[in-house]
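Since every read-out is calculated from the coordinates, none of them should be taken as a lab result. Note that this is a predicted model, so its numbers are computed, not measured. Because the Cβ atoms are built from the backbone with ideal geometry, glycine has one as well, and the counts that use them run over all protein chains shown.
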Amino acid sequence: MISVIIPTFNRGYILKKSLPTYFSELVSEIIIVDDGSTDNTNDVVKELSKDFIVKYVKHDKRLGLPQARNTGIKFVSEKSKYIFFGEDDVVLAKYCYQIAIEVLKKNFLDLLAINVKYLSNNEDFTKYLSDDIKVLYPKSFEDILRFKSIHLAKKYVYNSLNFDEKYIYSAYREETDFYLRASKKYKIALIENYFAFNLPRDICNIGGEWSFNPVVYEFSAIYNNLRFLFKNRKIIGINYFDLFKRQLSFTIERLRALKSKLLK
């Protein structure tokens, strides 16, 4: 059976739409890790819990996305064989779990990430569904960059790996860091097809990591990217000059994004 972990922050209004898509006969429990919300998340989860087994765990204050993920792992039932990481603003296609388990077993994988598509307003995600499953086995750092945070893994993966809690605020690169380390210990892959979908940003622009002030978000992304490159430079296979070039390009990109946000 699968234990689903969904970190959240001030997203009660979105959970009403997203959480029911995670309900399935293949799921034994859903663990909502509330990272210090101040909205009605608790009430929403209680209401939705009438239809399914949902564990609600709340941090006394906001600790960050990596900490929320690690908290969720601690509450997984001993009986669960798999852990599935979802997101509060992501909805799943009906057969997402079934397909993920079949691909994972067929290819003797330890971890399988699932591609995620951002939806536009009133867009029907069913048009992206396909029976022709395409699987990417990462052979380079660039391949790892394509991995999204939505994934299914055998529970033992988290006995030796957790999420690095030193990624701050935006938590940019925390999932890439996790996948990069996982690729050195386990057999991992990515379903390139879309079976998970981000809700349009204009209807879920409150709460989550986007709730940070634009300056805080962008500068923390710059810091986190630098930390990621420096920490993993040997795994990635870059020297300090290449690291500087990558970081400079990324910094310029994020400063342009910040300028655009501030001018709106």
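Could you rank the peptides 55-61, 82-88 by their average count of other C-beta atoms within 10 Å per residue, with the highest value first?
Details: 55-61: 14.0, 82-88: 24.0.
Output ranking for 55-61, 82-88: 82-88, 55-61.
Treating only the Cβ atoms of Lys and Arg (+1) and Asp and Glu (-1) as charged, compute the dipole magnitude of the chain about its Cα centre; round to the nearest 20 debye. Each step should come with its number before you reach the end.
Details: 42 positive and 32 negative charges, 178 e Å.
About 860 debye.
How big is the convex hull of the Cα atoms of segment 2-204, per residue, in Å³?
Values: hull volume 24.7 nm³, N = 203.
Per residue, the Cα convex hull of segment 2-204 comes to 122 Å³.
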- request: Report, by chain and number, residues whose modeled amide H sits under 5 Å from the one on VAL135, excluding near sequence neighbours (fewer than 5 apart, same chain).
  value: GLU192
query: With θ set to phi - 60° and the Karplus curve 6.51 cos²θ - 1.76 cosθ + 1.60, what are the ³J(HN,Hα) couplings of segment 176-184 in order, to the nearest whole Hz, using x for Gly and Pro?
result: 5, 4, 5, 5, 4, 5, 5, 5, 8
- request: Just need log10 I(q)/I(0) for segment 213-263 at q = 0.24 Å⁻¹, Debye formula, equal scatterers on the alpha-carbon atoms, no solvent, rounded to two decimals.
  value: -0.83
message: Could you give each residue of segment 217-233 its phi-based ³J(HN,Hα) in whole Hz, using Karplus coefficients 6.51, -1.76, 1.60 with θ = phi - 60°, and x for Gly or Pro?
response: 4, 5, 6, 6, 5, 4, 4, 5, 5, 4, 4, 4, 5, 5, 5, 10, 4
message: Please give the Cα centre distance for segment 47-73 versus segment 138-194, rounded to the nearest Å.
response: 20
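Over segment 2-204, what is the relative contact order in percent, taking alpha-carbon pairs closer than 8 angstrom and at least six residues apart?
On the way: 383 pairs, mean separation 54.7, N = 203.
Once divided by the residue count of segment 2-204, the mean separation gives 27 percent.
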statement: In whole µm²/s, the translational diffusion coefficient that Stokes-Einstein assigns to segment 83-170, given a Kirkwood hydrodynamic radius over C-alpha pairs, 10 °C and 1.306 mPa s, equals 106
query: What do the square roots of 5 times the Cα gyration tensor eigenvalues come to for segment 1-72, in whole Å, largest first, as semi-axes of the equivalent ellipsoid?
result: 19, 14, 9
query: Taking LYS261 as the anchor, which aspartates and glutamates have their alpha carbon closer than 18 Å to its alpha carbon, excluding any fewer than eight residues away along the same chain?
result: ASP202, GLU209, GLU218, GLU253
message: Using Stokes-Einstein with the Kirkwood hydrodynamic radius over Cα pairs, what translational diffusion coefficient do you get for segment 131-264 at 25 °C and a viscosity of 0.890 mPa s, in µm²/s rounded to a whole number?
response: 147
task: For ASN205 paired with ALA257, estimate the spin-label separation in nm (one decimal), with each label point 7 Å from Cα along the Cα-to-Cβ line.
output: 1.6
- prompt: Percent relative contact order of segment 125-217, based on C-alpha pairs within less than 8 angstrom and at least six residues apart?
  reply: 42
statement: Residue-ordered couplings for segment 205-216, obtained by feeding phi - 60° into the Karplus form 6.51 cos²θ - 1.76 cosθ + 1.60 and rounding to whole Hz (Gly and Pro as x), are 9, 10, x, x, 6, 6, 6, 5, 3, x, 5, 5
task: Rounding to the nearest 20 debye, state how big the charge dipole of segment 1-97 is about its Cα centre with +1 on each Lys and Arg Cβ and -1 on each Asp and Glu Cβ.
output: 140
